[in-house]
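Asker: Attaching a single structure in structure tokens format; questions to follow.
Only the coordinates and a few stated rules stand behind these numbers; no lab work does. Please read these numbers as outputs of a predicted model, since none were measured by experiment. We place every Cβ from the backbone using ideal geometry, glycine too, and count neighbours over all the protein chains shown.
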Amino acid sequence: MKNLSQWSSNLGFILASAGSAIGLGAVWKFPYMAGNYGGGAFLFIFIIFTLLVGLPLLLSEFILGRHGKTYSTNIFGKVSGKKSFNIIGWLGNITVFVLFSFYSVIGGWIILYIIRTLLDIVGLTHSHNYGLIFTDYIANPLYAMASQFAFILFTVFIVSKGVEKGIEKASKIMMPLLFISFVIIIIRSITLDGALEGIEYFLKPKVSDLSSEGVLYALGQSFFALSLGTCGMMTYASYLDKKTNIVKSANAIVWMNILVSVAAGLAIFPAIFAFGLEPNQGPGLLFIILPQVFDQMFLGQLFYLLFLVLFLFAAITSSISLLELNISNITKNDNKNRKKWSYIIGSLVFIFGIPSALSNGLLQHFTFGVGSFFDNMDFLVSNILMPIGAFGVTIFVGHIFNKDTIMKELNLSNTRLGRSFVDTWYFLVKFVLPIIIIAVFIGQLL
Ligand code: PHE
């Protein structure tokens, strides 16, 4: 059986890493984070973090992955001779495990909405109050768990077969389609009566809206959306050959990710204000707002169905990379036991994810820390584990890893522009990134 052991082409690698990056993070999580933490102010700081912290980090993971060419709990020791640094890889494995456990809950919601929309189309149900459907469906423990299970099973099936190549090909069509469907939604959304207020809310940063909490969440969001701090991108780069221009690839992925996040915001915020709703509705935001936008369109239900399928696809290309990371480490890239382990890890993720699935229903009132069990898992991953993982990578690449090797990996033309790019990047990774990550942490404590 063929693993992802090498990519079929440069494009294959870009598509797979973009597939890992672009998913629930940009489409579902970004708008609700922006809605909770000040709209435009959040967007602004998110873009700054994505370019200033995310891009250099992504490049670091690519360099290390391609150079080390092994699974992430081995790579740090292999390239530096200092085995203790493999702990960064171990941490990443815990991070993706927890991440998958609540990611699959939202993936399940998409499946539920697909079923519901199908039932609407054939006339078996008639949805009108979307806020209510959301609570009805999502709060139902059986629905929530069954759909989460289906999403995990879907992912397990693909990873166990190692059919990522097929997914890679499908991305070529599905990703552009997802983007086009956003353009359609945006046009509808911004032409609704009263949309202007929403556009302003989302695009005009008001500094007074920014809290230290918002800054922490924005940093976490930039990691989450780019799959950073888990060594996931490093793993994908370890299947890469020398020819690929990783600088260009990293740039492309970062900008695509920003574009999709902004598109999601532009699709949702104008509609929120036009419908007279509140932007801070939490994780349900997208699921409550979008059907109402489609409702205002010709053949809206059909378009909505199409959108949901594309959205599910984007989520699956990300969940594949989550599971792939665990599997590549457990099997040490040996495909013999890939199938068995995919099912075992998938089952464990499901069991661990049950309280998250029930967080909007049965366990709604079981709150601690930052909120429900689900909220706490998300907080743990995005605002604690990912930043720690990212911190580890910057320290490793900036202070432990050999600089000459890095320069060779980057292989940029020896022009002035090339040299100043490398110097800036290295300076950022060595000094600026660790300081920013720590400062945001301390800011939160204060
Ligand atoms: N970036 C993915 C998303 O936004 C989530 C992810 C995080 C995937 C970490 C892999 C590793 O949906």
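Asker: If the elastic network links every pair of Cα atoms under 10 Å, which of Leu119, Leu58, Leu285 fluctuates the most in the Gaussian network model of the chain?
Answerer: Leu119
Asker: Right, another one. Pick out which of Phe202, Phe401, Phe427 has the largest mean-square fluctuation in a Gaussian network model of the chain, springs linking Cα atoms closer than 10 Å.
Answerer: Phe427
Asker: Measure up Lys78/Lys403; Lys172/Lys204; Lys69/Lys408; Lys83/Lys403; Lys172/Lys332 against 26 Å on the Cα-Cα distance and list the ones that go over.
Answerer: Numbers: Lys78/Lys403 16 Å; Lys172/Lys204 33 Å; Lys69/Lys408 15 Å; Lys83/Lys403 19 Å; Lys172/Lys332 29 Å.
Beyond 26 Å between Cα atoms: Lys172/Lys204; Lys172/Lys332.
Asker: Tell me, how many Å apart are the Cα centres for the range 366-415 and for the range 115-149?
Answerer: A separation of 37 Å, based on Cα centres.
Asker: A further question on this structure: Quick one: what are the phi-derived ³J(HN,Hα) couplings along the range 15-26, Karplus 6.51/-1.76/1.60 with θ = phi - 60°, whole Hz, x for glycine and proline?
Answerer: 5, 5, 5, 5, x, 5, 5, 7, x, 4, x, 6
Asker: Give me Trp109, Trp7 sorted ascending by neighbouring Cβ count inside 10 Å, so fewest comes first. If you can, show how the numbers build up before the last one.
Answerer: Working: Trp109 28, Trp7 22.
Ascending number of Cβ neighbours within 10 Å: Trp7, Trp109.
Asker: Can you work out ³J(HN,Hα) from phi for every residue in the range 286-298, in order, using Karplus 6.51 cos²θ - 1.76 cosθ + 1.60 and θ = phi - 60°, giving whole Hz and x for Gly and Pro?
Answerer: So the Karplus estimates, Gly and Pro as x, are 4, 6, 8, 7, 4, x, 6, 5, 5, 4, 8, 10, 5 Hz.
Asker: Calculate, in nm to one decimal, what Lys336 and Glu278 gain on full extension: separation in residues at 0.36 nm each, minus their alpha carbon distance.
Answerer: Details: separation 58, 0.36 × 58 = 20.88 nm, distance 5.12 nm.
Working it through step by step, the gained length comes to 15.8 nm.
Asker: List the residues whose amide H sits under 5 Å from the amide H of Trp7, counting only those 5 or more places along or on another chain, with H placed 1.01 Å from N in the peptide plane.
Answerer: The list, which skips near neighbours in sequence, is Asp241.
Asker: A follow-up question, please. Order of Leu445, Leu306 from fewest to most other C-beta atoms within 10 Å? Please report the intermediate quantities before stating the final value.
Answerer: Details: Leu445 7, Leu306 17.
Placing the least packed residue first, the sequence is Leu445, Leu306.
Asker: Quick check: the angle from helix 416-427's long axis to the longest principal axis of the chain, C-alpha only, nearest 10 degrees?
Answerer: Roughly 80 degrees between the two axes.
Asker: What residue among Lys332, Lys204, Lys82 has the largest mean-square fluctuation in a Gaussian network model of the chain, using Cα springs under 10 Å?
Answerer: Per the Cα network of the chain with a 10 Å cutoff, Lys82 tops the list.
Asker: Rounding to the nearest 10 and keeping the result within 0 to 90°, find how far the Cα-based axis of helix 55-68 lies from the longest principal axis of the chain.
Answerer: Taking Cα atoms only, the helix is inclined about 50 degrees.
Asker: If you don't mind, there's one more thing I want to ask. Counting other C-beta atoms within 10 Å, and keeping those with at most 16, which DSSP coil chymotrypsin sites (Phe, Trp or Tyr not before Pro) do you find in the range 297-365? Working shown, then result.
Answerer: On the way: sites: Phe298, Phe303, Tyr304, Phe307, Phe311, Phe313, Trp341, Tyr343, Phe350, Phe352; in loops: Phe298.
Within the range 297-365, the qualifying chymotrypsin sites (Phe, Trp or Tyr not before Pro) (loop, at most 16 other Cβ atoms within 10 Å) are Phe298.
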